[in-house]
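Below: the structure, in structure tokens.
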Amino acid sequence: MAHAACRSAWARLIAKVYETNPLLCPRCGSEMKLLAVITDPAEVRTILRHLLKIGRAPPGLDPSALN
């Protein structure tokens, strides 16, 4: 599958599940571009812990799941 098609499919599925377009800026409505995908579980936990620490954790994040 071509990169553009994968990007479109991913965005469409996220929009369907969360009822929001993940590629639109929530502040200004401009289209955003996907720069990277983090797949390393340890790195994802590090980022989520940092977001918890600074008070910007994603909605619905269960902090106990990061242990």
Q) With respect to the numbered conditions (1) at pLDDT below 90; (2) touching a strand residue (DSSP E or B) at 6+ places or on another chain (Cβ under 9 Å), which one is the sole condition not fulfilled by Leu34? A) (2)
Q. From the list Pro58, Pro26, which residue is at pLDDT below 90, in a loop (DSSP other than H, G, I, E, B) and either small (Gly, Ala, Ser) or not assigned by TED's automatic domain parsing to the domain that holds Ala9 (or both)?
A. Pro58
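The values are calculated or read from the model by the stated rules, or taken from the named source; none is laboratory data. Not measured: the values here are computed from a predicted model. Every residue, glycine among them, receives a Cβ derived from its backbone with ideal geometry; neighbour counts consider all protein chains shown.
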